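Let me begin by presenting the structure, written as structure tokens, before commenting on it.
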Amino acid sequence: MKKAWSLSNDKAMINFSINYCDTEEKVLESEAFLSVLRHFFKKASQSKDKHYNLLKNYVKDFDDAEEYLILLAKLLTILSSKEISEHFRAYMDVYEKRNEFNSLVEDVYTYWRNLERYGMIYETKGPKGIGQSSFLDSKMNFDNLILSMYRKITANLIMETPSVYRQVPAGTNVGLVLKDTVWPIPEGYESLTDIPFIKDLYIETPFITYPKRNKRDGFFEEVKTNPMPSLGINPNHFFCYPMWVGDLLTFVFGHRDFMTHIISLSNLFQMAKETEIAGRKPDLMLIFGANEPDMKAANGYYIDSENEIVLGFVSHHEDHDYFGYMKKMTLTLHNILQMRRGYLPIHGAMVHIKTQDGSCANVVIMGDSGAGKSESIEAFRSLAEDYISDMTVVFDDMGTFRYLNDENRLVGVGTEIGAFVRLDDLDAGYAFKQLDRSIFMNPDKINARLITPIATYEEIIKGYNIDMFLYANNYDRIDENESSIHLFDSKKEAKEVFTAGKRMAKGTTTEEGLTTSYFANPFGPYQCKERCSELIDQYFDILYDKKIYVGEIRTQLGIKGFERKGAEKAALDLFEMMKKLNLK
């Protein structure tokens, strides 16, 4: 972003490298402040609200309302409303109508705070901006300046000092350090040359966002020609988040209108360091928000064999304003490349559990969205105090099985350092315990989501032996005295259940009722069934040759009334099975 200021799609971006406001006067005279007022008054004039009716008495043309309020704000930083009314004819009614004007100030302030607010610098110091070394201090000073200016204006306006002060984040939600990074750009990808990379992030948590969608729909399909020439990328509107998806270097190029999702990646995937990406070509690339906003909702992926890159693209469309599209497309690209390398993608969760009675196991639970993967982990967590001495999450949503020939080991390797989970599936108090480090998405709606870090990068990629591989069955009802854990008698039966991928849809996608998905994984295996089928045969042979326990865990999550207690019973039955099998 080369401009000093941008406001688009409820996302305000301030380029501190070009112009940094360190005084009240600079703030009130800035392009940013004028722009915020214009957007606010545009809505006021359309609805003819109380603020419109107040100001139309003092301006000939409502288009002049911004200038009228800017001058009033400047005066209120040094004078009281009574003094202003006595000395400035244009504002003679301000003192008498101070409560109405205060309501206007409060609503402008609320409008500003309801925007997603990003402050950023480039590593190269600008003539009027700030350098990287002082960025964090400058961001904090700017945030405090906005809050103190608001307090001064309201105190001078109503001529009262509040008794309660709330330290709300009034300046920026997020700070970014951007850098022009040199990397070997393949021929045909030159449109990505001038897109800045995100080098450092500072997030004011909890970061609460309101994307326009809260569900994902459909499948990502392969295209046979490279889409790069037709993607219409404006480098001034894009940012690159470099990250590790498991052990694959990934560049996500996102449009500024989807900045929410770009920032949210930091709670889910390990950011790649500058030294790790310099001069290196990525394994995966995702272009998110390509084309103009009026283009149709298109997405897909292309296997660029010549450059050894798997490329994904998601168009700029309101229907794609959901983090699930960015996350799942990224994991689809990951899974496609890992299958080409001989690894089996697992849509599920893997945990290393040590119980208080001495049992220990590495358990993998596989299932499609809503089958009970994350819910089972949450049940383990809620029962930890009474049953578990230690628990490590290796992966929460997607991982791979890898057979290490040299060591004769079958291991599970993760992809993510965080979890993207439904608030409804968490213990009532857990979300609040994680409040200070989480990103919330549409917390007031169905399928509300939380993204929170849960593991270190070193833990998820080191590879854990597999002791038990269970399919998450959320659709079968079981008796109270029946175990939730059922081990399959034969490899044939196991492969049939895992490959069928049955589950009762729970509202995480647009699907309803009892559905099926090939190998419970529409993110790679569905697209590459022939290759995945070969790997399933290969890895189930290894599972049974190594006498690893294979079965199903009946979570009953899709059965009304069992949404929580079904997962808790399944967790307790799993602990009992670990003890029975003498897993150490």
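Some values worked out for this structure:
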item	result
Any hit, the range 47-63, residues being more than 17 Å from Leu147 (Cα to Cα), among the small types (Gly, Ala, Ser) and surrounded by fewer than 20 Cβ atoms within 10 Å (Cβ to Cβ)	yes
Some residue of the range 291-304 being closer than 28 Å to Asn521 by Cβ, charged (D, E, K, R) and surrounded by 13 or more Cβ atoms within 10 Å (Cβ to Cβ)	yes
Some residue of the range 70-84 being farther than 23 Å from Ser148 by Cβ and either of a type in the set (Lys, Arg) or crowded, with 16+ Cβ neighbours inside 10 Å (or both)	no
Failed item, numbered, when Val36 is tested on (1) at pLDDT 95 or above; (2) open to solvent by 20 Å² or more (accessible area, probe 1.4 Å)	(2)
Filtered residues of the range 149-172 (kept if open to solvent by less than 20 Å² (accessible area, probe 1.4 Å) and either in contact with a Lys or Arg (Cβ under 9 Å, 6 or more places away or on another chain) or closer than 20 Å to Pro242 by Cα (or both))	Leu157, Ala170, Gly171, Thr172
Glu100 being over 29 Å from the mean Cα position of the chain (by Cα) and free of Cβ contacts under 8 Å to residues at least 12 places away in the same chain	no
Residue tally, condition surrounded by fewer than 16 Cβ atoms within 10 Å (Cβ to Cβ) and either over 16 Å from the mean Cα position of the chain (by Cα) or of a type in the set (Lys, Arg) (or both), over the range 181-214	9
Selection count, the range 439-471, where residues are charged (D, E, K, R), within 14 Å of Trp244 (Cβ to Cβ) and in a loop (DSSP other than H, G, I, E, B)	1
Among the candidates Asp93, Asp64, residue that is of a type in the set (D, E, K, R) and in a loop (DSSP other than H, G, I, E, B)	Asp93
Condition check for Val108: among the aliphatic types (A, V, I, L, M) and modelled with pLDDT of 95 or more	yes
Subset of the range 239-262 [under 24 Å from Asn442 (Cα atoms) and not acidic (Asp, Glu)]	Phe239, Tyr241, Val252, Phe253, Gly254, His255, Arg256, Phe258, Met259, Thr260, His261, Ile262
Boolean, Leu265 is open to solvent by less than 10 Å² (accessible area, probe 1.4 Å), of a type outside the set (S, T, N, Q) and part of a helix (DSSP H, G or I)	yes
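The values are calculated or read from the model by the stated rules, or taken from the named source; none is laboratory data. Quick caveat: nothing in here was measured; it's all calculated off a predicted structure. Backbone-built Cβ (ideal geometry, glycine too); neighbour counts: all protein chains shown. Heads up: the accessible areas ignore ligands, DNA and RNA and are worked out on the full protein's heavy atoms, side chains in. Shrake-Rupley method; radii C 1.70, N 1.55, O 1.52, S 1.80 Å.
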